[in-house]
Every structure is written in structure tokens, then in C-alpha cells.
Amino acid sequence: MNPETKKVEFSEKAQKEIREILTHYPDKRSAMLPVLNLAQAEFGHISEDVMVMIADLLDLTPPKVYEVLTFYTLLNEKPVGKYLIQLCRTLSCALAGSENILGHLKQRLGIGIGETTPDGLFTLKTVECLASCGTAPAMQVNGAFYENLTRGKVDKILDDLKRGAQPVLKPMGEN
Amino acid sequence: MKYEKVLHKNLETPGYAGSLADYERLGGYLAIRKALKEYAPAQLIDLVKRSGLRGRGGAGFPAGMKWDFLPKDPAITRYLCCNADESEPGTFKDRQLIERDPHQLIEGMMLAAYAIGARVGYIYIRGEFVYGAQVLQRALTEATRAGYLGKNILGSRTEIDLHLHRGAGAYICGEETALLESIEGKRGLPRTKPPFPAIHGLYGKPTVINNVETLSNLPHIVNRGVEWFISIGSSPKSPGTRIFSVSGHVNRPGNYEVPMGIPLRELIYEQAGGVRNNKRIKAVIPGGASAAFLTESSLDVKMDFEAIAQVGSMLGSGGVTVMDEDTCMVRAALNLMEFFAHETCGKCSPCREGSSWLVQIMRRIEHGHGRAEDLDQLVRICNNIGGKTVCAFGDAEIAPILSTLKHWRSEYEYHVKEKRCMAGDRGEELVGIGRH
Ligand SMILES: Cc1cc2nc3c(=O)[nH]c(=O)nc-3n(C[C@H](O)[C@H](O)[C@H](O)COP(=O)(O)O)c2cc1C
Ligand code: SF4
Ligand code: FES
């Protein structure tokens, strides 16, 4: 363990939520994913000190948290950009032209898959089927769906985000 | 043909926003009242057994029969889990049911929990459904405030608590035992079966896992009865409606709730508006990425469990992906093989190693470096995976390659011989899988 690890703490609000979460299960370890999801929302990614803190909280050894952290693709071990773009690459989206959208995103952002723009604003990833196949091609930005993508629509989304608009959570087909 | 909607009735009602008040206005939570009053748990299990309701998550197992496997001793704690992991490529029906009519699902879970005697239920929802989780959490809070959930629901001394459990990105967690591991705070590695979850499930206790759509059927079966339910659909073994998620090269992709057993052709041409640009159909996947590709010659097959099995595929998750005549089958199969190779959990070697070999060979063929012996090699590897793995993922991942090789071997051979694709270039707008 790195001796220089900083002491990290959940916010009051998150601590309250965690106390509630723990009442849902007969076993503390079950709070693993809920707490990891909460930690990611709070800290952006799960650093080593966050991992150690969660292990403490759940009375587990850090490797038990680490093996979970590395198994689930939505959990980030490393920092990502302010906006995490996750474009679906699976069949229905590919049939609807997701490769074009990917090319366009790469070109507009000037980065490749898995990379972050130098200003720290955007990280680009491709992901597997998002259950948006009827509104393909689809992507998520920080968990919000954007569907029926075209080049023009992507331009508008990127411009809005750059201007500071926040991604809005909406039901299927409405974004 | 227009058909009566059942699970989609509320959400297709203009102005319906899925709130508790909306749901109650359209007759919501009458089924649980009726069940608590008129049926003992064993009678409710019997009712669902007689209805013939089969699982909508993939395997099509009869729901009532699954419930009946649980030990009868009421002193044993048992759990209910709703599988809302919906990650099977081509499938997006559960997402809509969750986002648009969350109380229908909650009432369905209450009925299932009451029938099996579970006091606690978990909804395992895939991590990507951030909006869906928000909607469900709001609905759970509403239902608890209104006395539908909690220690003494509707004054019946029955206790039911439901909790939302968000995943974090892993297709395999849709497999029911991986789902249980995931709720327990572990990596989502499928367990060896037996023992089955009905005996040894969550925290080692008897557990029922049912899909969102399966559970959402329950209020309707209780309200309208077994006779009514059986009267929908064409075959005695596939009663009820089915929500098909239609995507790919169709004019109106979307979720369509229809009686089980309508012809595939009707689903594509009447419900989903036919194929874009009046192209011909080359291939259809009838039940999610784990189901074998069908050719145009199977379009008259009935969309029920038995008929689809007879033509060599499966109804699976109800995800229907349509590919037109320009689509390259090698590329389509490679796309799905890449999905499976990415999603294997790595627990058993045939699946872990095999999936990466299959992707490598498929990429080689697709990129014009294929060798004559590659085609037989693909089949050999597939045969060493099928039936030899811990979970059904192994059988699923070989379906795209084996079925495309069977129906379109000449396309594979062309790739190997000519070092390119025989499917046409489809121009800018429609680009996708047809273009190289
Ligand atoms: C690899 C794999 C992935 C699965 N994914 C899902 C899924 O996302 N949603 C689902 O409901 N069932 C999924 N299943 C099926 C479940 O294991 C289980 O059969 C189902 O949830 C039972 O519910 P049902 O009887 O109501 O269909 C999957 C199965 C396998 C083998
Ligand atoms: S078949 Fe694949 S996904 Fe299933 S347990 Fe084995 S390695 Fe994991
Ligand atoms: S294939 Fe892209 S959302 Fe399903």
C-alpha cells in the first residue's frame, strides 16, 4: 500500500445513503456495487485510496474490492474526462452506421478510442449493446442516452457540452 | 393486423406517465389486492402454472413450475430477484417497461414474492440504465409510501420489501447465477449448476429469478384469468403476448407487443414497416445475439418457442435483428463474436480461449488474410465450446458463426479466395456492416 495515500471521505449525503444501502442486505459485502457506484459518482473514478476506504467500510480486504472493480466495465480505475462518451459498437448499431459515427467522433475530438482530449473534457469509448438497438446508432454521455445519431446530431451534442450544457437523462427515443 | 395490447396497454395510453396515480387510475394494484384476498400462495403458484406463462428472459422456462421447485417449509428464508440486466444484443423491451410502466413491474414482483413467500426482492438493473433506475427508485418510494410495500402490505400482514441493485457493466451478470454472485458483492462468475437457485440461490437460500417482462405479465394473469391468457397466442405451449424488439434494416424499428406465434414475416413487414429501401431480407436473428441466424426462407415461421426451435434457432430474448441483402454475413458474425469475446467471464477455458481464437480467425477472414482451412477450424473450435462450459454463454457465442457458416458458407469462401467481400458497397448513408 502506498504510504502517501490521502485520507478520502464520502460526503455527508453519500454516508447517509450508504447507511441506508446497508439495511437492504443481510450481508455487508452486498453493498459492494452500490457503494462503488456511489464512490464513482462522488470521486469520478475509484483510486487506490477510495478502494481501501471501501474495503474498510465493508470489512473486506482491498483485493476483494479490487477484483470487483476490475471485473465491471463501468467502473473506472483511472480518471476519465468530464464527459465520458460511450458509443455502442454492437450489431444493430453497426447496421445503422455506428462506424461512421465513431469516425466522426474521433475526427471531431481528435482522439482515438480509450483516449481523453488534452483539455480533459472528453473521453471516448466504444461499448457493447446499450439496449437502444431500435433507436440506433446510440451512445451514452455520463449515463444519459443519445440515440438515432447522425453526424449533425453529434456535432450539436458536442457543441452543447462544450458550452457547458449537462447531459439530461431521458427515456428511450426522446434524446 | 392490430392486436390488443396487454403489457403495453398503459404506456401506449396518451398522457400516461407511469406514476402511481396513473397506474392506479388504469386499474393498477387491483391484482395484488385480489391475490391477497382470494388466493393462498400455493393457489397463486398453481394459477401461474396453469397459465403456462414462460420466462421472457431467454430460456423460456415455465414460471409457475420454477416457483414450485422451492422448498415448502415457510421457515426457510427465500428471495426473489428481478432480472433487469437486459444486455442481449438486439433487445430493448425491458428498458421500455421499466422506464414507462414501473408500477406494473413492481406489482408483478409483489405477486411473485407473495406466491413464493419471499419477504425481500431485488431488482438487478444494468448499470447503464441510469434513467430507468431513477424511475424505478421513484416508483418504489411511491409504492412504499402508499402501503404497497413494507411490513404489512395493504393490511394483509404480508411483508414485502423490494430493493434496486444497480450493476456496473457486465453482460454475464444477466446469467442468473452470475447475477446472484454480483448481488453478493463478487465478480459475476456463473455458478456450476446444480444446485439450482431454487434450492441454493442468493446467500445460499432458495431464490427465484425472473425477467422483467415475465413478471410484468403477472398482474394481467391474476386480473383476467388463465382462460384469457391461454386464448392469446397460437400454441398451447406458448401462451400470452410477447414483446419483440425489432431492429436493423427495417423502416420502423421498435418494440412490438403481439400474440405469441404471429409469423416472422408479419412482424417485420406489418408491424415494423418492412425493409428499408424495399431491399430483400438476407438474414434475421429471431431472439437476440445468442440465437442462430435465419434465412429469408424462414420468414413464415411462427414466432413461438417451438416453431423457432424447429427451424434451428430460438426465441430467446425476443430481440429480432433484420439484415438486408447487402449485409456481409462474415462481418455481422464477426461483430457478434467480438461482443462475446469481450463479455466472456473467463471462468472456463473452452469459452475463454475459444472466444479469442474465434475472433482472431474471423478477423483474419474478414480482412482478407483467411486461409482455406480456417472454415473447418472455426467449426472445430465451436464444437469444442458448445455443451462444454459452465454456463449457457458457451452455446450462445457459437451460434452466429455456426449459423452463418451453414447458410452462407459461400460468402466465407469468397472472402478467403478473393480476399474481399461479395456484399455490395452501400454508399454513405446506409454504411454499416455492408461496407468495407
Ligand atoms: C449469458 C446469459 C445472459 C443472460 N442475460 C439475461 C438478461 O440480460 N436478462 C434476462 O432476463 N435473462 C438473461 N439470461 C437468462 C437468465 O439466466 C434466466 O434464465 C432468466 O433471467 C430467468 O427469468 P425468466 O424465466 O423469467 O426468463 C441470460 C442467460 C445467459 C446464459
Ligand atoms: S461459458 Fe464463458 S461466460 Fe459462462 S462461465 Fe464459462 S467462461 Fe464464463
Ligand atoms: S446494438 Fe447498439 S444499442 Fe443494441
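Using each residue's phi in the stretch B:249-261, evaluate 6.51 cos²θ - 1.76 cosθ + 1.60 at θ = phi - 60° and report the 3J(HN,Hα) Karplus result to the nearest Hz, with x for Gly and Pro.
Using θ = phi - 60°, the values come out as 7, 10, 6, 10, x, x, 8, 10, 8, 9, x, 4, x Hz.
At a 10 Å Cβ-Cβ cut-off, how would you order B:Y114, B:Y16, fewest neighbours first? Working shown, then result.
On the way: B:Y114 23, B:Y16 16.
The most exposed by this proxy come first: B:Y16, B:Y114.
Report relative contact order for chain B in percent, whole number only (criteria: Cα-Cα under 8 Å, sequence separation at least 6).
Working: 869 pairs, mean separation 65.6, N = 436.
This gives 15 percent for chain B.
For the stretch A:106-119, just list the computed ³J(HN,Hα) in residue order, Karplus coefficients 6.51, -1.76 and 1.60, θ = phi - 60°, integers in Hz, with x standing in for Gly and Pro.
Those phi angles translate into 4, 5, 5, 8, x, 9, x, 5, x, 9, 10, 5, x, 7 Hz.
Mean Kyte-Doolittle of at least 1.0 plus a Cα span of 18 Å or more along the axis: flag which DSSP H helices in chain B meet both, please. Show your work: numbers first, answer last.
Numbers: long enough: B:102-116 (21 Å, 0.82); B:130-145 (23 Å, -0.08); B:212-231 (23 Å, 0.26); B:329-343 (21 Å, 0.56); B:349-366 (25 Å, -0.44).
What comes out of the filter, once short or polar helices are dropped, is none.
5 Å is the cut-off here: which amide hydrogens, built 1.01 Å from N in the peptide plane, fall below it relative to B:H163, excluding neighbours closer than 5 in sequence?
Placed amide hydrogens put B:G121, B:Y122, B:I123 under 5 Å from B:H163.
Using the scaling law 2.2 N^0.38 Å as the reference, what is the normalised Cα Rg of the stretch A:12-71? Write down the numbers at each step before the final one.
Details: Rg = 10.6 Å, N = 60, 2.2 N^0.38 = 10.4 Å.
Rounded to two decimals, the normalised Rg is 1.02.
Taking amide H positions as placed 1.01 Å from N in the peptide plane, with prolines and chain starts having none, which residues 5 or more places from B:N211, or on another chain, fall under 5 Å of its amide H?
Those lying under 5 Å, H to H, from B:N211 are B:R56, B:G57, B:N83.
Over 30 Å between Cα atoms: which of A:K153/B:K93; A:K125/B:K93; A:K153/B:K9 fall into that group?
On the way: A:K153/B:K93 25 Å; A:K125/B:K93 25 Å; A:K153/B:K9 32 Å.
In this structure, A:K153/B:K9 lie more than 30 Å apart at Cα.
For chain B, modelled as a GNM with alpha-carbon contacts under 10 angstrom, which of B:R331, B:R100, B:R145 fluctuates the most?
Looking only at B:R331, B:R100, B:R145, the biggest GNM fluctuation is shown by B:R145.
Given 20 °C and 1.002 mPa s, how large is the Stokes-Einstein diffusion coefficient of the stretch B:238-324 in µm²/s, with Rh as the Kirkwood radius over Cα pairs?
Details: Rh = 12.3 Å.
It comes out at roughly 175 µm²/s.
Over 10 Å intervals from 0, what percent of Cα-Cα pairs in chain A sits in each interval?
Over chain A, the share of Cα pairs per 10 Å bin runs 9, 32, 30, 21, 7, 0 percent.
On a C-alpha basis, how far is the centre of the stretch B:1-50 from the centre of the stretch B:238-303 in Å? Whole number, if you could?
27
When the Cα centres of the stretch B:90-127 and the stretch A:71-130 are compared, how far apart do they sit, in Å?
Between the Cα centre of the stretch B:90-127 and that of the stretch A:71-130, the gap is 30 Å.
Quick one: how many lysine pairs does the stretch A:1-109 have with C-alpha atoms less than 20 Å apart and a gap of 8 or more or different chains? Give me the count, please.
Value for the stretch A:1-109: 9.
Assigning unit charges at the beta carbon (Lys, Arg +1; Asp, Glu -1) and nothing else, what dipole magnitude in debye, to the nearest 20, does the stretch A:27-161 show about its Cα centre? Could the numbers behind the result be given before it?
On the way: 12 positive and 16 negative charges, 92 e Å.
Charge dipole of the stretch A:27-161: 440 debye, to the nearest 20.
Toward the positive end of the charge dipole of chain B, about the Cα centre and with charges on Cβ (Lys, Arg +1; Asp, Glu -1), which of B:M337, B:L179, B:S156 goes farthest?
B:S156
Can you grab the distance from the C-alpha centre of the stretch B:193-207 to the C-alpha centre of the stretch A:1-68, Å, no decimals?
Between the Cα centre of the stretch B:193-207 and that of the stretch A:1-68, the gap is 28 Å.
Quantify how strongly other chains surround peptide A:141-150 by giving the mean number of their Cβ atoms within 10 Å of each of its Cβ atoms. Walk me through the numbers before you get to the answer.
Details: counts 0, 1, 7, 2, 6, 0, 0, 1, 0, 1.
Other-chain Cβ atoms within 10 Å of each residue's Cβ, averaged: 2.
Nearest 5 is fine: what % of DSSP beta bridges in chain A come out antiparallel, could you say?
Working: 7 of 13 bridges.
Antiparallel bridges make up about 55 percent of those DSSP assigns within chain A.
Say a paramagnetic label sat at a point 7 Å from the Cα of B:Y269, along Cα to Cβ; which residues of the stretch A:126-154 have their backbone N under 15 Å from it?
none
Quick one: which residues, 5+ away or cross-chain, put their amide H under 5 Å from the amide H of B:G201? H built at 1.01 Å from N.
Result for B:G201 returns B:T207.
For the stretch B:158-258, max minus min Cα coordinate along each principal axis, in Å, sorted largest first?
Largest to smallest, the principal-axis extents are 42, 40, 27 Å.
Every read-out reported here was derived from the displayed coordinates using simple, explicitly stated rules and does not represent laboratory data. The structure presented is a predicted model; accordingly, all values stated were derived computationally and were not measured. Note that each Cβ is placed from the backbone with ideal geometry, even for glycine, and that neighbours are counted across all protein chains shown.
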